[in-house]
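**Q** Once you've had a glance at the structure underneath, I'll fire off some questions.
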Amino acid sequence: MTGPIRLYMTTSLDGFVAGPDDRPGQEMGRGGFRLFDWLDDRHGDGPSARVYAEATATGALISGRRTFELAGRWGGDHHDGVPIHVLTHHVDPSDTPPGSARFFTDVVACAEEARAAAGDRAVMVHGAGAAQALLKAGLLDELELHVVPVLLGAGRRLFGEGEPVELDLVRQLADRDVLHLRYVVRR
């Protein structure tokens, strides 16, 4: 049995995953790092610690290229040496990604290899572009959204235009300044 491909994403209440002008040196945009205040509780014993532990127990990672680059390529190790699968539009043959990271231009091949690498554990997804591509291809199984009570007003949206997708809420955990919501994509 294989685990789900699950998006882990922190978002503002108005649907932004980064503030305006996200770029190297300002990776979360103006005001965007506020979205990660909930991680201050990741080593406690509350809901945020539980969610964080689940995320770091995943067996592989799929990331969008932009997220991968803005995160400094995670130095080649996102967590515990799990394989990093980077969705990108173009692969430069001279660009060798660090550690276990590999580039993919085919979303299906990326998902298949990530599932195989993860075995029975979940595959973590990072990045709005990767999430949108996986969802469009029918390959995203779950969304773990960490909703922070702030209105950024502008920035990078998690989802834009696209086909309607039905979701089933399967878990909600409230903690200080965050609501962790897990949805299963209805097929």
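The values are calculated or read from the model by the stated rules, or taken from the named source; none is laboratory data. On a predicted model such as this, the values are computed, not experimentally measured, just so you know. Every residue, glycine as well, gets a Cβ built from its backbone with ideal geometry; the counts of neighbours run over all protein chains shown. For the accessible areas, the whole protein counts, side chains as well, though only heavy atoms, and no ligand, DNA or RNA atoms are used. Shrake-Rupley method; radii C 1.70, N 1.55, O 1.52, S 1.80 Å.
**Q** Regarding the stretch 91-112, can at least one residue be identified that is under 16 Å from M9 (Cβ atoms) and without any contact (Cβ under 8 Å) to a residue 60 or more places away in the chain?
**A** Scanning the stretch 91-112 turns up no residue that is under 16 Å from M9 (Cβ atoms) and without any contact (Cβ under 8 Å) to a residue 60 or more places away in the chain.
**Q** Confirm whether H79 is open to solvent by 50 Å² or more (accessible area, probe 1.4 Å) and either part of a loop (DSSP other than H, G, I, E, B) or without any contact (Cβ under 8 Å) to a residue 12 or more places away in the chain (or both).
**A** Here the answer is no, as H79 does not meet what is asked.
**Q** Does A174 satisfy being farther than 15 Å from S63 by Cα, open to solvent by less than 60 Å² (accessible area, probe 1.4 Å), of a type in the set (A, V, I, L, M, F, W, C) and more than 19 Å from the chain's Cα centre (by Cα)?
**A** no
**Q** Anything in the stretch 41-68 that is among the hydroxyl-bearing types (S, T, Y) and open to solvent by 20 Å² or more (accessible area, probe 1.4 Å)? List them, or say none.
**A** Residues satisfying the conditions are Y52, T56, T67.
**Q** For the subset of the stretch 22-40 comprising residues that are among the charged types (D, E, K, R) and within 19 Å of the chain's Cα centre (by Cα), which member is surrounded by the fewest Cβ atoms within 10 Å (Cβ to Cβ)?
**A** R23
**Q** In addition: Regarding the stretch 126-146, can at least one residue be identified that is modelled with pLDDT of 95 or more, open to solvent by 40 Å² or more (accessible area, probe 1.4 Å), part of a loop (DSSP other than H, G, I, E, B) and among the aliphatic types (A, V, I, L, M)?
**A** yes
**Q** Yes or no: E113 part of a helix (DSSP H, G or I) and either surrounded by 13 or more Cβ atoms within 10 Å (Cβ to Cβ) or at positive phi (or both)?
**A** yes
**Q** Specify the residue that is least open to solvent (accessible area, probe 1.4 Å); the eligible residues are those in the stretch 116-125 that are farther than 26 Å from P164 by Cβ and of a type in the set (A, V, I, L, M).
**A** Ranking the qualifying residues of the stretch 116-125, first place goes to A118.
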